[in-house]
Amino acid sequence: TIVQIVINNKHKHGQVCVSNGKTYSHGESWHPNLRAFGIVECVLCTCNVTKQECKKIHCPNRYPCKYPQKIDGKCCKVCPGKKA
């Protein structure tokens, strides 16, 4: 008798990336967690089949408000009252 066990069917055909002990499916994105720095909000990684591709997030030079604010968990500043 052969028994097939499906642990998590969102991971198709082994197309996953593993980063810092966490598994991500093809197309999923995350901010990397570096031991020395914690979560790096200004870098976004994406799983491309089995390879992780990471890019730096570039924030705008100008904002539509006078005093944009830095919010924990976000790389770029946001204007007060705006949903991030």
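The values are calculated or read from the model by the stated rules, or taken from the named source; none is laboratory data. None of the values given here were measured: they were computed from a predicted structure. We place every Cβ from the backbone using ideal geometry, glycine too, and count neighbours over all the protein chains shown. Accessible surface is based on the protein model in full, side chains and every heavy atom, while ligands, DNA and RNA are left aside. Shrake-Rupley method; radii C 1.70, N 1.55, O 1.52, S 1.80 Å.
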> Can you pull out the strands (runs of 3 or more DSSP E) entirely within the stretch 17-56 that have at least 1 residues that are among the small types (Gly, Ala, Ser) and open to solvent by less than 70 Å² (accessible area, probe 1.4 Å)?
Replying inline: 22-25
> Going by the conditions given, is ASN9 at pLDDT 90 or above, open to solvent by 50 Å² or more (accessible area, probe 1.4 Å) and out of contact with any strand residue (DSSP E or B) (no Cβ under 9 Å at 6 or more places or on another chain)?
Replying inline: no
